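The values are calculated or read from the model by the stated rules, or taken from the named source; none is laboratory data. None of these values were measured; they are calculated from a predicted model. Ideal geometry is used to build each Cβ from the backbone, glycine not excepted, and the neighbour counts take in all protein chains shown.
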Amino acid sequence: IKETLHQVEAHTGHTNESVNSFQHMEHRKDVERWLVAPDASPNFNTACEKRYGDSGSWLLNGAAYSRWKSQEKSFLWLHGLSGSGKTVLSSSIINDISQTQPNDLLLYFFFDFKEAAKQTMDGMMRALIHQLSVQTKRTESRGHLSKLYTSCGEGSKQPSLTQLSKCFHSMLEEENGEVWIVLDAMDECTSRKSTQVTKDLLGWIKGFQASLQQANVHLLTTSRPEKDIESALTEWTDCRNLVEIRSDLVCDDIRQFITHVIAFSDGFKKLRDHKDMQLQNLIVKTLAEKAGAIPRFRWVTCQLDVLENCFSKPDVLEALSSLPTTLDDTYRRIVAGIKPELLKKAIRMLQFLIYVDQPISLKAMVEVVAVDPAQSPPFYPANKFWEEEDLLRCCSSLVAFDKTS
């Protein structure tokens, strides 16, 4: 009988453990659904796909980055013009930290004007809290998030930004090791400079690390050199912590990018089939030299899109001899080059993309373009493109299609 009782007690103990474990998992799922944290991983994955060779090595091997990694509670701001490769650099940094500091906590967020949830400090805070709660091994850290959930009526109402900030701060203070945070594209945050202190991203960055007593947090941010950002950061941080993405630093990265696209892109298959290495080298040399004056990967991408549509060597040579000098000139030329019969569809697509607050599927965009308010009924299925991919040709480089998502 005693042996049977022991077996029953052991079985009951295992059952209780299973029930507690299940309840714990269900609670974490409830908290995760309630937090509604934007997922930054698609931005990271897309940026990683744009990296080639050892691009970004000028930064990763540089003194400023080494100092940022070695000093306690360090800060670094990378700034460059639109299209200069800041987001790709962010992905290089995230990969470097994950490889060289595998036991540390690594949090990141990509501000993104294409998604409303990724344009605010509220979205950033939710994403960082979620990542921290998933990665941390300390139950005390996750406990602060559970307390916030409970204080919000067991998830019946949403927390304020002030509550989220305090929760994140408390969670970090429970960590003994180093924590790395990468914030990309601050200039795409709509509340980076707010009259409300609790929503002021630049103000939060200034006081964030100083307010931490225990946690050793390394913070790195990127953005365009907007005046408000530059003024706010130069007030309190050492000038050595401000790194400009200059043309002389990224020229090798740009050359690697051009070489890779020509060697592997489907659009340049015709060129590769003709095995004219002299022409291929001329494309690399010309674009790399022209891009040197304006360190913009975006400018190079647009020129490569044009060259993909060349049908002969004379076409390529003519395109190379008349390259636009700036990114704005490039966009003007793209708009002017839209075929007249596609212009209405292109305008409708661009108008819709300007106002939509989240990414839209290619299939849905085909439906949008088929709508003509002047017709009755406005939507007529026969107006749809036969092939979805053909829709992208309407606006050339003005519209990007992310196949990963």
* **Conditions (1) charged (D, E, K, R); (2) assigned to a helix (DSSP H, G or I); (3) surrounded by fewer than 17 Cβ atoms within 10 Å (Cβ to Cβ): number failed by Asp122** => (3)
* Asked: For Thr326, all conditions in the list (1) closer than 28 Å to Arg296 by Cβ; (2) surrounded by 14 or more Cβ atoms within 10 Å (Cβ to Cβ); (3) of a type in the set (S, T, N, Q) hold save one; what is the number of the exception?
  -> (2)
* Condition met for Asp96 (charged (D, E, K, R), within 30 Å of Ala263 (Cβ to Cβ), surrounded by fewer than 21 Cβ atoms within 10 Å (Cβ to Cβ) and modelled with pLDDT of 95 or more) -> yes
* Asked: Just a yes or no: is a residue in the range 216-229 outside the structural domain of Leu317 (by TED's automatic domain parsing), within 24 Å of the chain's Cα centre (by Cα) and over 18 Å from Asp187 (Cβ atoms)?
  -> yes
* Asked: Here is a list of conditions, (1) farther than 27 Å from Leu304 by Cβ; (2) of a type in the set (S, T, N, Q); (3) in contact (Cβ under 8 Å) with a residue 40 or more places away in the chain; (4) surrounded by 11 or more Cβ atoms within 10 Å (Cβ to Cβ), and Asn383 meets all of them except one; can you say which number that is?
  -> (3)
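Please work out if Asp238 is modelled with pLDDT under 95, on the phi < 0 side of the Ramachandran plot and in the same structural domain as Ser82 (by TED's automatic domain parsing).
Spelling it out, Asp238 is indeed modelled with pLDDT under 95, on the phi < 0 side of the Ramachandran plot and in the same structural domain as Ser82 (by TED's automatic domain parsing).
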* **From the options Leu362, Leu350, Leu317, Leu391, residue that is of a type outside the set (S, T, N, Q) and either under 28 Å from Ala288 (Cβ atoms) or assigned by TED's automatic domain parsing to the domain that holds Leu81 (or both)** => Leu317
* Asked: Which one of these is in contact with a helix residue (DSSP H, G or I) (Cβ under 8 Å, 6 or more places away or on another chain) and surrounded by fewer than 16 Cβ atoms within 10 Å (Cβ to Cβ): Arg240, Arg246, Arg224?
  -> Arg240
* When you scan the range 33-72, how many residues do you find that are over 22 Å from Leu164 (Cβ atoms), part of a loop (DSSP other than H, G, I, E, B) and among the small types (Gly, Ala, Ser)? -> 4
